[in-house]
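Here the structure comes first, spelled out in structure tokens, and everything after it is commentary.
The values are calculated or read from the model by the stated rules, or taken from the named source; none is laboratory data. All figures in this text were calculated on a predicted structure; none of them were measured in a lab. Reconstructed Cβ throughout: ideal geometry from the backbone, glycine too, with neighbour counts over all protein chains shown. Keep in mind that these areas ignore ligands, DNA and RNA; they rest on the heavy atoms of the full protein, side chains included. Shrake-Rupley method; radii C 1.70, N 1.55, O 1.52, S 1.80 Å.
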Amino acid sequence: MNKENKSKLEALLRKVATDWDLKICSLNIQTNQNPIVVKITIKKTNGDDISLEDCALFNAPASEEIENSNLLNCSYVL
């Protein structure tokens, strides 16, 4: 994935995170894996700890944005 597409993907995911009162700390796309691994590190905007439930709630809309963006046109794990 080129730098421009990664930036576009990160912008889309930041919007999703904002909708859930979350902040993206990092986005790591491991293209050397098969399937590609998309690792997103999130944090609550109020500073509270992230729970497994928070991750699960963020996962569905994040996956939907990735799919709709067509920026990753291959298999991936989120």
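General remarks:
- Computed over neighbours whose Cβ is under 12 Å from that of S26, the net charge equals +4, Lys and Arg +1, Asp and Glu -1.
- Taking all Cα pairs closer than 8 Å and separated by 6 or more residues, the relative contact order of the chain comes to 33 percent.
- Ranking A60, N5, G47 by how far each Cα lies toward the positive end of the dipole of the chain (charges on Cβ) leaves N5 at the top.
- Long-range lysine pairs (8 or more apart or interchain), the chain, Cα under 17 Å: 13
- Accessible-area order (highest first, 1.4 angstrom probe) of the listed residues D19, D49: D49, D19
- Pairs of C-alpha atoms in the chain farther apart than 17 Å represent 41 percent of all such pairs.
- With respect to the chain, whose longest principal axis is taken over its alpha-carbon atoms, helix 3-19 is tilted by about 30°.
- The accessible area of I50, taken with all protein chains in place and a 1.4 Å probe, comes to roughly 60 Å².
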